[in-house]
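The values are calculated or read from the model by the stated rules, or taken from the named source; none is laboratory data. Remember, it's a predicted structure, so these values are computed and weren't measured experimentally. Cβ atoms come from the backbone with ideal geometry, glycine included; neighbour counts cover every protein chain shown. Accessible surface areas use protein heavy atoms only, side chains included; no ligands, DNA or RNA. Shrake-Rupley method; radii C 1.70, N 1.55, O 1.52, S 1.80 Å.
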Amino acid sequence: MNTLQDALLHGIAKGLDRLDVQMLLLHALGHSPHDRAWLIAHDSDALPPEVSTRWLALVQRRQAGEPVAYLLGEKEFAGLTLWVDARVLVPRPDTELLLEWALEALQTSDGTGPARLLDLGTGSGAIALAIATQRPDASISATDVSIDALTVAQSNALRLGLSVRFAQGSWLAAVPGERFHVIASNPPYIAEGDPHLLTLTHEPITALTAGGNGLNDIRCIVAHAPAALLPGGWLLLEHGHDQSTSVRELLLEQGFESVSSRTDLAGIERCSGGRWPGAR
Ligand code: SAM
Ligand code: GLN
């Protein structure tokens, strides 16, 4: 491998996606992973030996299934660049569906004091920080049971200069006695033993799986959310592609109103939510 072009071809020959190869090589060169125009203009440049060593290591890790976001140390979510590593789930574009719904629901909050939102199981901080960017007037809280995840989320908040209150604990127990206009969560929802997990071996298993066919965490959140919602407040949940009927049932049994689901771009119901009864 003498040139950048040789390095690119090496990555592709090892079975890596072309776009991943370009971003990873830019990273190995110390450039922004998004600077593909630079790479295209410089592909006949010589490949420095220390970059070559870094490159071979990155290709090997990617071949072993490590997410590109971990190798780059960052991931874009809703226009924000978030630091990510093996302590947190890589934020998925799918989750922007939940984010949009949460922003909409915040607009209907009663206007007595700042709108209050809670992001349960915040991971990298993705949902809470995206909302803090778009609603600087709102009061945003975020929780996780994982101290490691909260450390990552907190450093993202600091780096982005955004104000979010973080609390550690299991679901609603992290914010005892507090009440919110909107509670949003992308909890673990993959059933233990689901074959899909074989492709997700590098992310924290505690971010991915839940017992009871993947529904136990959602069940727990639905059961405890009413005590943490202001009258008329919304609970919004991301869930698996085949869980919308079960999640709507759980919400209805609990006494939520206006229960509905929203579809992703592929037409699959990936979020469900409901409104806790009460005056507005
Ligand atoms: N909200 C982030 C996102 O959308 O990218 C991360 C979502 S990840 C699917 C689920 C998160 O829930 C993980 O960060 C995990 O640590 C957290 N979690 C798992 N069990 C929890 C519990 N009992 N209480 C609070 N958070 C929990
Ligand atoms: N959407 C992720 C996936 O299937 C899982 C995230 C979750 O369990 N909440 O890859």
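Some points to look at:
- Residue that is farthest from Leu97 (Cα to Cα), among those in segment 249-273 that are open to solvent by less than 50 Å² (accessible area, probe 1.4 Å) and polar (S, T, N, Q): Ser260
- Some residue of segment 149-156 being surrounded by 17 or more Cβ atoms within 10 Å (Cβ to Cβ), under 16 Å from Ile221 (Cβ atoms), at pLDDT 95 or above and within 13 Å of ligand 1 (Cβ to nearest atom): no
- Those residues of segment 173-189 which are more than 9 Å from ligand 1 (Cβ to nearest atom) and touching a helix residue (DSSP H, G or I) at 6+ places or on another chain (Cβ under 7 Å), in sequence order: Val175, Glu178, Arg179, Phe180, His181, Val182, Ile183
- Helices (runs of 4 or more DSSP H) enclosed by segment 29-129 - at least 3 residues per element that are within 16 Å of ligand 2 (Cβ to nearest atom) and buried (at least 16 other Cβ atoms within 10 Å of the Cβ): 68-72, 96-107
- Residue satisfying all of: in segment 209-239; open to solvent by 10 Å² or more (accessible area, probe 1.4 Å) and charged (D, E, K, R); farthest from ligand 1 (Cβ to nearest atom) among these: Arg219
- Residue in segment 69-85 that is small (Gly, Ala, Ser), free of Cβ contacts under 8 Å to residues at least 40 places away in the same chain and within 30 Å of Gly278 (Cα to Cα) present: no
- Among the numbered conditions (1) free of Cβ contacts under 8 Å to residues at least 24 places away in the same chain; (2) among the aliphatic types (A, V, I, L, M); (3) in contact with a helix residue (DSSP H, G or I) (Cβ under 8 Å, 6 or more places away or on another chain), the only one that Leu252 does not meet is (3).
- The criterion of being within 13 Å of ligand 1 (Cβ to nearest atom), open to solvent by 50 Å² or more (accessible area, probe 1.4 Å) and within 17 Å of Val88 (Cα to Cα) holds for Thr206.
- Summed over segment 160-199, the residues that are at positive phi and open to solvent by less than 40 Å² (accessible area, probe 1.4 Å) give a count of 2.
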